[in-house]
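Taking it in order: structure first as structure tokens, then the write-up.
The values are calculated or read from the model by the stated rules, or taken from the named source; none is laboratory data. Since the model is a prediction, treat every value here as computed from it, not as a measurement. FYI the Cβ positions are ideal-geometry reconstructions off the backbone, even for glycines, and counts take in every protein chain you see. Protein only, heavy atoms only, side chains kept; ligands, DNA and RNA dropped before computing areas. Shrake-Rupley method; radii C 1.70, N 1.55, O 1.52, S 1.80 Å.
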Amino acid sequence: MSGISLSRRQMLAALAAAGFSPALYRSAALAQGGKVLKVRSYADIQNLDPAFRKGAPEDDVMRNIFVGLADMTPGDTWKWRLDAASKLEQTDATHIDFTLMDGLVWSDGHGPVTADDVKFSFERMADPKLDSPYKGDWEVLDHVEVKDDKSGTIVLKAPFPPLWNVGLVFGSGKIVSRKAVEAMGGRFDTKPPAQSGRYLLKEWQPKQRVVLARNPDWKGEAPYFDEIHVIPIEDAKTAELGLEAGDIDYTWVEASSIPRFKKTPPKGGKLAVKPSLAYVWLGMNVEAAPFDKLEVRQAVQKAIDVPSVLEAAYFGAAEPATGIIAPGLIGHREKTLYSFNLDAARELLKKAGLDSGFECTLSILNTTEFTSAAQAVQANLAEIGITVTIQQYDSGTFWSLGDQKSGDSWKKVQLIINRFSMQPDPSFATDWFTPEQIGVWNWERWNSPEFGELNKKAKIELDTQKRNEMYVRMQDLMDESGAYVFLTHGAVGVCTSDKIEPALMPNGNPIFHGFKATA
Amino acid sequence: MLLYALKRLGLALIITAVALILLISMIQLIPGDPAAVLLGPLASPEMREMFRQQMGLDQPALVQIARFFGRVLTGDLGTDVLTNRSVLVTVMEQVPFTLALIFASITWSALIGIPLGCFAALYRGSLADRIVGILSVSSIALPSFVIAIYGLLLFSVKLGWFPTIGAGDRGDPIDQLYHLVLPSLAVGLGWVGYLARMVRASMLEVLSENHVRMARAFGLEERTITYRYALKIAIIPTVVLLGMGVGNMISSAVFAEIVFARPGVGKLIFDAISTRNYPVVMGAVMITTGFYVLCTLIADLIAAGLDPRVRSTL
């Protein structure tokens, strides 16, 4: 096989010469030319209204077609930078002044981007009548004062540090046109009525691609690529092959592929491994016997050899977690309060009167990683006499398991391996484990009023040191409950064509308008 | 023939209705709250309730069935609750990609499989017949996804001849055909074997019948006997098989659409089930069931046209 060296272009030329069609070669040549960036998204877009976006596929597109006052900086540390604002300054605990940069205009003849658009966008997001799922990002917004066409003040009801890490810099901080959105009846779906970003949504071919074209009216630094094609590819392995075949320029890869690509980089590409912010843990339902006994939960904590679980699930590509807050963020801990100790685990089971062991279930999502992790947990717990039956669920079923309003399945949950995604603010991690979240997302049903109080206070604490101590204490409380075994934050493997210089956030999330060709 | 066609059409409508009733009944039994899955962790209870109402899931199953059929009669398949687009539009955007894949697969497999079957029958017992037999069974035994993945690795990654993903540029039929090569190879290869074996068996049966012997006795050319008389009869079971096959290929297309990241109705249904987007599931299944029933109906009508005895079987 190595003797055959026809490229795709040559192959097409050969086919064309054989009489298929001269257009064949021409069309392929065109497809391969031009400054077009082809990137993978894990799913198709569903809603491009910042207030009703569904996830990363929309975020990645919105970052290019809308502007916010600020955006995240590519690099290895979490920092924000000015986006549509030429000035953005916190004047006191509850006031943030902003001034928009010159020359920002809306597409489709909707005029200049104004401070009133900023007011409309942020107040709309917080409006209970709109009922945006992201209203929490702006929960402390009182109002936005408009000073003139280009400047104003964001007025908060209380100090709110997460605004700088989440609300202002991600999807909830994107500015939409008051005039255009109101003309659409107050909200829109996949057809933005007015855009103002570095790119414009040129075309959406459902399930096939989103085409973004350079915005001719963009007055800031021009992006490198003329067009960005966002291609939905659900299967990560297909995307990896697509990158190696030169059909796409960017994808992230499965954890299982990271060691392989570290050893041998993908053909025509390169690998970057970034620490994920997400957190994966083994949870125990504190209301389901025998996990209602603290000793049993603590025995499980001590019986899990986390590195062996990670070796099975992530092939050594992921580091053990010390809590739910990833390294680099406020509140990250250096270590857990518990450690692997089989003898101590057996002793705890004996104390609970279960020294002869017991049977239980472990619920997981039906992915390769979770299945491997579950098998390793199963083997670990067998060492202390606990017989685990693994129950796999598809995503639709899994994500309703602990939801009290979705049926009675929450009563049957005993052990569960779960993964939550995360934004670069610790409040995003802790919000789900409060007493109010029992039966919603707190599937362990752990009830700690102290945790709940600390969560409220930490959100509005401006002193970074104090805030850090609060989040550390909250994770200590989780350890002490025995209901959690923290596994990992995972690792994100990002593969790009070696002709591309990507712009990535510290966790590997892409900022496509910052991608350039390799010098 | 007209009566047969009308009876067959009535049966087709009943099959479609039963399939959809079964689907709606299954939806009631599937665990997982669709509103929770669709809207994610941040949605308020009010919004979840509104979604349940939009999908009609707050109503009893019988009401849901009646409403769905009522809408279908007016040509309305409902609204995709995620994008607020018409389900009919959403599904029909995907249908051409799946049809192109199915017809490309079935066409090339028929073009190779049928002549191979004839050839094997004519040279029964020869080395060539044995080779065709081994190749046919091998192609049937090879799982389609294995062909797909190795096809990608060899022809796309290693040799760089064919694209790995997508369906080609819109408005560029040559590019679209080019993107069909590997997926249709994966979906159609097994069918080459099926068709070759089916045609060979039918041909052998027909070639041993009295009217063929009589044709030989009259001194007709072997070529004329084979292609004009024997194949016309031997092809009947193959036509029926092809009709069923086209319908079954909708299922095969799902994996090809996932592995090759092609748009298509199979992947649309797969995604919609995963996200519990029931209006899209029901609309898409309605269209694919109708298509399947239509294919088998056409196959049956062709078979009835070729062989009048079939008309008395319904």
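For the protein assembly as shown, the solvent-accessible area of protein heavy atoms averages 42 Å² per residue (probe radius 1.4 Å; ligands and nucleic acids excluded).
Accessible area per residue was computed with a 1.4 Å probe on protein heavy atoms; B:Asp76 scores about 70 Å². For A:Glu203, the residues whose amide H sits under 5 Å from its own are A:Val211, ignoring neighbours fewer than 5 places away on the same chain, with H placed 1.01 Å from N. 3J(HN,Hα) couplings calculated from phi for segment A:324-334 with the Karplus curve 6.51 cos²θ - 1.76 cosθ + 1.60 (θ = phi - 60°) are, in sequence order, 9, 9, 6, x, x, 10, 4, x, 5, 9, 7 Hz; Gly and Pro show x. Ranked by the mean number of other Cβ atoms within 10 Å per residue, highest first, peptides B:132-141, B:235-244 order as B:235-244, B:132-141.
From Cα pairs below 8 angstrom and at least 6 apart in sequence, can you work out the relative contact order of chain A, rounded to a whole percent? Write out the running numbers ahead of the final one.
Working: 1094 pairs, mean separation 95.0, N = 519.
It comes to 18 percent, rounded to a whole number.
Kirkwood radius for segment B:129-221, taken over all pairs of different Cα atoms as the inverse mean of 1/r, rounds to 16.1 Å.
Would you list, by chain and number, the aspartates and glutamates whose Cα falls below 13 Å from the Cα of A:Lys174, excluding same-chain residues fewer than 8 positions away? Answer for A:Lys174, where 13 Å is the Cα cut-off: A:Asp49, A:Glu58, A:Asp59, A:Asp60, A:Asp71, A:Asp83, A:Asp117, A:Glu123, A:Asp137, listed by chain and number.
Measuring nothing but protein heavy atoms, the accessible surface of segment B:240-301 at 1.4 Å probe radius is 81 percent carbon and sulfur.
The 3J(HN,Hα) values that the Karplus relation (6.51, -1.76, 1.60; θ = phi - 60°) gives for segment B:249-258 are, in residue order, 5, 4, 5, 4, 5, 4, 5, 5, 5, 6 Hz. Gly and Pro appear as x.
Amide hydrogen proximity for A:Gln391: with H placed 1.01 Å from N in the peptide plane, the residues at 5 or more positions away or on another chain lying under 5 Å are A:Leu362, A:Ser363, A:Ile364. Computed in the context of the full set of protein chains, the accessible area of segment B:1-57 at 1.4 Å probe radius has 75% of its extent on carbon or sulfur.
Pairs of Cα atoms in segment A:279-488 fall into 5 Å distance bins, from 0 up to the last occupied one, in shares of 1, 8, 16, 20, 21, 17, 11, 5, 1, 0, 0 percent. Can you give me the Cα centroid spacing of segment A:224-245 and segment A:409-449 in angstrom? Here the two parts' Cα centres lie 34 Å apart. For chain B, averaging the sequence separation of C-alpha pairs within contact (under 8 Å, six or more residues apart) and dividing by the residue count gives a relative contact order of 27 percent. Taking amide H atoms as placed 1.01 Å from N in the peptide plane, the amide H of A:Phe358 lies under 5 Å from those of A:Ile386, A:Thr387, each 5 or more residues away in sequence or on another chain. A crude spin-label estimate for the pair A:Val155 and A:Asp97, with each label 7 Å from Cα along the Cβ direction, gives 1.6 nm.
Over its Cα atoms, what ratio of radius of gyration to 2.2 N^0.38 Å does segment A:67-189 give? Walk me through the numbers on the way to the answer.
Values: Rg = 13.8 Å, N = 123, 2.2 N^0.38 = 13.7 Å.
Compared with the compact-globule rule of thumb, segment A:67-189 sits at 1.01.
Both the radius of gyration and Dmax for the protein assembly as shown are 30.5, 107 Å, in that order, over alpha-carbon atoms.
With the gyration tensor restricted to C-alpha atoms of segment B:1-78, the semi-axes of the equivalent ellipsoid amount to 35, 13, 9 Å, longest first. Partner aspartates and glutamates whose Cα lies under 16 Å from the Cα of A:Lys274, excluding those fewer than 8 positions away in the same chain, are identified as A:Asp76, A:Glu254, A:Glu319, A:Glu501.
Accessible area buried by the pairing of B and A, both sides summed with a 1.4 Å probe, works out to roughly 4500 Å². A:Asp108 contributes about 110 Å² of solvent-accessible surface, heavy atoms of the protein only, 1.4 Å probe. The spacing between segment B:198-222 and segment B:1-54, judged by their C-alpha centroids, is 50 Å.
Please state the relative contact order of segment A:279-488 as a whole percent: Cα pairs under 8 Å, 6+ residues apart? Relative contact order for segment A:279-488 comes out at 34 percent.
Would you mind checking the pairs A:Lys135/A:Lys412; A:Lys87/A:Lys466; A:Lys302/A:Lys335; A:Lys79/A:Lys202; A:Lys191/A:Lys237 and listing those with alpha carbons more than 26 angstrom apart? The pairs that break the limit, which is 26 Å between Cα atoms, are A:Lys135/A:Lys412; A:Lys87/A:Lys466; A:Lys79/A:Lys202; A:Lys191/A:Lys237. If you plug the beta carbon distance of B:Lys158 and A:Ile390 into 1/(1 + (r/R0)^6) with R0 = 35 Å, you get a FRET efficiency near 0.40. Taking every residue in B:69-81 and counting other chain Cβ atoms within 10 Å of its Cβ, the average works out to 0. Direction-averaged projected area, Cα convex hull, chain B: 20.9 nm², rounded to one decimal. Each peptide in B:114-125, A:45-56 gets a packing score, the mean of other Cβ atoms within 10 Å over its residues, and the list from highest to lowest is A:45-56, B:114-125.
Inside 10 Å of the C-beta atoms of B:150-162, what's the mean count of C-beta atoms belonging to other chains? Please report the intermediate quantities before stating the final value.
Details: counts 0, 0, 6, 3, 1, 3, 7, 11, 6, 8, 12, 11, 5.
Taking the mean over all residues of the peptide, I get 6.
Accessible area, 1.4 Å probe, largest first: how do B:Leu111, B:Leu9 sort?
B:Leu111, B:Leu9
Taking each residue of A:236-247 in turn, how many C-beta atoms of other protein chains fall within 10 Å of its C-beta, and what is the average? Don't skip to the answer; put the middle values down first.
Values: counts 0, 3, 9, 3, 2, 10, 9, 3, 7, 13, 5, 8.
Across A:236-247, the average partner-chain Cβ count within 10 Å equals 6.
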